[in-house]
Amino acid sequence: MWVIHPAAAIGIDDVRVVKVSSFSPCTEVTLERPLRHTDPMDEILDVDLMTFEHGSPSERRAVVDGVMRSLQTGFVYTRSDMSTSVLDDAYDTLHAFFHLPQDRKDSYSSPAARGQAGYTGLMVETAAISDTPDWKEMINWGSLVADGHPLRTKYPHRYHDPIFPEQDLPGSAALLTEFHDTLGQLQRRFLRVIAEGIGAHHSYFDTMTEEGSHLTRAIRYPPMQDAPADGGHLWAEEHGDINLITALPRATARGLQVRTDSGWVDAVPPDGHVIINTGIMLEHLTNGMIPIGWHRVVAEEGQNDERISVVQFCHPTPWTILTPAVSTVTPERPQRFSAISASDRLDQVLWEIRLVGDEITD
Ligand SMILES: O=C(O)CCC(=O)C(=O)O
Ligand SMILES: [Fe+2]
């Protein structure tokens, strides 16, 4: 059963953000946040994916209702059955990676992948219209799609060979691949709850997310007192993710905040729970029934330690035609978005916010 899990309001002014931050070509953008015309909603609820999968019809319905209600914030917490030992091992490996000498970390970067595979250093991701890059470094990886697969042939810039720190951390490739695959499965299972919630068949997202261009990203946010003195840096500026949903299985410290109708609230899931947040493509597919979850990462006064977190962006295959699901278009909610491929929608958003030029081709 789901339970109400009110997140704590922390009293930060509600600021309308118009600038772009966190250059991440395939994952996240900052856009002006549209006004919502829904009831005030500031509670992030806590649900149980396994109850949805194995519970009675009424228990299953309660999970769906809880998810739909919580997703008015763009966020929900779910209990997860991910192996604790895989999580522990992955976070230990990622911690070890981030604490390698800088030249070793740099050896795992690939400028051609434009931040979508391998290591990206501190303050590299800089917004097109911002001069205050996020204070973070990261490593991104996805799944291998077989050579010759039409997805890879048609969309080479959406699928990159993963780059793992195998030379310095033997075994990391297998471990991080297992982590990516397990978390990807969890997201696809969770999308079945959302599918029911929007009145579609529970398998609605299954095909579009099989071999989707999912991306896992581990991020290290160094202590804020080490940030350049020119000021204005945050760990991550307010943004909405571009993809369908994002999963955040664990962070080593607080910092993630969600923008709600009552202002910023901390995202603090119970132990063993994964945070799920919604992105632009889900808003499109649901005709706005499920809004984008707007969020940022900030250190609070006196929070002097580093923070490591892992997020996974769940994407449809680039050839998916995004169009509002029939069940989400009603006389009260007339169709708001027209049809467009997921790949084109991604490029369109990136262009609108001036993050890509003519170097992206399909
Ligand atoms: O580190 C986190 O908790 C969130 C990171 C995030 O929002 C992102 O990378 O899109
Ligand atoms: Fe994000």
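The set of residues in region 330-345 that are of a type in the set (A, V, I, L, M) and surrounded by fewer than 18 Cβ atoms within 10 Å (Cβ to Cβ) comprises Ala339, Ile340. Assessment of region 218-232 against the conditions (of a type in the set (Val, Ile, Thr), in a loop (DSSP other than H, G, I, E, B) and either under 12 Å from Ile308 (Cβ atoms) or within 10 Å of ligand 1 (Cβ to nearest atom) (or both)) yields no matching residue.
Is at least one residue of region 197-215 in a helix (DSSP H, G or I) and touching a Lys or Arg at 6+ places or on another chain (Cβ under 9 Å)? Yes, there is a match, as at least one residue in region 197-215 is in a helix (DSSP H, G or I) and touching a Lys or Arg at 6+ places or on another chain (Cβ under 9 Å).
Please verify whether region 163-176 includes one or more residues that are part of a helix (DSSP H, G or I) and under 18 Å from the mean Cα position of the chain (by Cα).
There is at least one residue in region 163-176 that is part of a helix (DSSP H, G or I) and under 18 Å from the mean Cα position of the chain (by Cα).
Inspect region 121-137 for any residue being modelled with pLDDT of 90 or more and either among the hydrophobic types (A, V, I, L, M, F, W, C) or part of a helix (DSSP H, G or I) (or both) and give the result as yes or no. No, region 121-137 contains no residue that is modelled with pLDDT of 90 or more and either among the hydrophobic types (A, V, I, L, M, F, W, C) or part of a helix (DSSP H, G or I) (or both). For region 269-282, check the following and say yes or no: at least one residue is among the charged types (D, E, K, R), within 15 Å of ligand 2 (Cβ to nearest atom) and either within 26 Å of Glu43 (Cβ to Cβ) or under 18 Å from the mean Cα position of the chain (by Cα) (or both). Taking every residue of region 269-282 in turn, none turns out to be among the charged types (D, E, K, R), within 15 Å of ligand 2 (Cβ to nearest atom) and either within 26 Å of Glu43 (Cβ to Cβ) or under 18 Å from the mean Cα position of the chain (by Cα) (or both).
Checking each residue in region 238-249 for being at pLDDT below 95 and either more than 16 Å from ligand 2 (Cβ to nearest atom) or closer than 14 Å to Val297 by Cβ (or both) picks out Glu238, His239, Gly240, Asp241. The numbered conditions (1) in contact with a helix residue (DSSP H, G or I) (Cβ under 8 Å, 6 or more places away or on another chain); (2) within 16 Å of ligand 1 (Cβ to nearest atom); (3) under 22 Å from Pro318 (Cα atoms) are all true for Pro249 except (3).
The values are calculated or read from the model by the stated rules, or taken from the named source; none is laboratory data. Since the structure is predicted, the reported quantities are computational estimates derived from the model, not experimental observations. Because the Cβ atoms are built from the backbone with ideal geometry, glycine has one as well, and the counts that use them run over all protein chains shown.
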